1. Among all residue pairs at least 6 apart or on different chains, which show Cβ distances below 8 Å where the first residue, located in the stretch 263-289, is within 23 Å of residue 220 (Cα to Cα) and the second is exposed (fewer than 15 other Cβ atoms within 10 Å of the Cβ)?
2. I need the helices (runs of 4 or more DSSP H) fully contained in the stretch 84-182, keeping only those with at least 3 residues that are away from the ligand (no atom under 12 Å from the Cβ) and surrounded by 18 or more Cβ atoms within 10 Å (Cβ to Cβ).
3. Could you pull out the residue among 13, 23, 18 that is out of contact with any strand residue (DSSP E or B) (no Cβ under 8 Å at 6 or more places or on another chain) and touching a residue at least 40 places away in the same chain (Cβ under 8 Å)?
4. For the stretch 63-82, enumerate the residues that are outside any helix (DSSP H, G or I), buried (at least 17 other Cβ atoms within 10 Å of the Cβ) and away from the ligand (no atom under 14 Å from the Cβ).
5. Residue 60 is checked against (1) away from the ligand (no atom under 16 Å from the Cβ); (2) outside any loop (DSSP other than H, G, I, E, B) and fails just one. What number does that condition carry?
6. I'd like to check which helices (runs of 4 or more DSSP H) are fully inside the stretch 216-332 and have at least 3 residues that are crowded, with 17+ Cβ neighbours inside 10 Å and out of contact with any helix residue (DSSP H, G or I) (no Cβ under 6 Å at 6 or more places or on another chain).
7. Among what's in the stretch 1-32 and is assigned to a strand (DSSP E or B) and more than 11 Å from the ligand (Cβ to nearest atom), pick the residue that is farthest from residue 88 (Cα to Cα).
8. Out of the residues in the stretch 8-24 that are more than 8 Å from the chain's Cα centre (by Cα) and at pLDDT 95 or above, state the one that is surrounded by the fewest Cβ atoms within 10 Å (Cβ to Cβ).
Ligand code: AQP
């Protein structure tokens, strides 16, 4: 799979910036579990340093970090098979983040669409961290010399930037210290959209809770959100081409396909010609059946925060054991006394 001599290693992370959404699950965590179970070395992180690029209540941040750890495990990540840890507990991320900020060009950062989307018209009032975030993300990946990065579609540009940063570092210092990591963007729902607006991605931080399905929502809430999801008056088409210019219809079909591990064309073969009044309750039932066991396992794990902290400490030590020697090589290459 890898284009270099580096050992295959998977790294990815999620911000503990609120409730995990169905978008995070289908776009990222479901893939994390599949990669873990394929036998590749996998490292998954709760990226709290990224979360604080926008204001986080300090008490809530700790809870959200533990909840994300519980969600990872409830979704099928096994701390014995993957390294699961919290970013700020491994100092290599921040240290390498600074070094890579000095390699990253401003022109590259100015092209990052996620900053533009998140900052909107308020760019002047945003933190420097939100702007610099992709250089820290490059450090997250490269601190482990990771070769593969499973992400949703919205993060593709940041993984491509990571490749540019890695290549420039290798070139500037005349050594092959970093692999050029590949984004892994697969499945029927790589970009799950808001249930209220098919042009916006489903997001933890969307002010409207009705725009998203949270992994902790109960069956009634999930069913109600899907029932009220914005759609159009037409019936479902029989072929994927019929979803063109119908973003809300496409979104619900993509979600169904991803949850049932089938393809969009198979879903449309089954439901083509049906109205949303028929399709939505079937989708709601599928979502509830899929998510209910995850949310009850999360609740069980959250009853023992001491055990979650123990697992995270253990994960941080294992992550540090990989990242610290790589950081030492980086510092040496840059000319720092190590
Ligand atoms: N709507 C989505 N569809 C598919 N994948 C998604 N991801 C996020 N939203 C969707 C993927 O989830 C992983 C973790 O994302 P993140 O929490 O680090 O940051 P984000 O992309 O900014 O996610 P949110 O939910 O929108 O968080 P907030 O609201 O805090 O900014 C990534 O792999 C991402 O692609």
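1. 280/227; 281/227; 284/227
2. Working: elements: 92-101, 106-110, 113-119, 128-142, 156-173.
Passing ranges, in order: 92-101, 128-142, 156-173.
3. Values: 13 fails: out of contact with any strand residue (DSSP E or B) (no Cβ under 8 Å at 6 or more places or on another chain); 23 fails: out of contact with any strand residue (DSSP E or B) (no Cβ under 8 Å at 6 or more places or on another chain).
Within the list 13, 23, 18, the selection yields 18.
4. First, pick out the residues of the stretch 63-82 that are outside any helix (DSSP H, G or I): 76-82.
If we keep only those that are buried (at least 17 other Cβ atoms within 10 Å of the Cβ) too, we end up with 76-77, 79, 82.
The answer is 76, 79, 82.
5. Evaluating residue 60 over (1) away from the ligand (no atom under 16 Å from the Cβ); (2) outside any loop (DSSP other than H, G, I, E, B) leaves (1) as the failure.
6. Working: elements: 219-227, 247-259, 264-271, 276-302.
Counting at least 3 such residues, we get 247-259, 276-302.
7. Looking only at the stretch 1-32, we keep the residues that are assigned to a strand (DSSP E or B), and these are 9-14, 21.
Going one step further and asking which of them are more than 11 Å from the ligand (Cβ to nearest atom), we end up with 9-11.
Details: 9: 21, 10: 19, 11: 16 Å.
Checking each candidate, the answer is 9.
8. Within the stretch 8-24, the subset more than 8 Å from the chain's Cα centre (by Cα) is 8-11, 16-23.
This time we only want the ones that are at pLDDT 95 or above, so: 8-11, 16, 21-23.
On the way: 8: 14, 9: 19, 10: 24, 11: 24, 16: 28, 21: 23, 22: 24, 23: 24.
Ranking the candidates gives 8 first.
The values are calculated or read from the model by the stated rules, or taken from the named source; none is laboratory data. Small disclaimer: the values here were computed from a predicted structure and weren't measured. Positions of Cβ are backbone-derived with ideal geometry, glycine not excepted, and every protein chain shown enters the neighbour counts.
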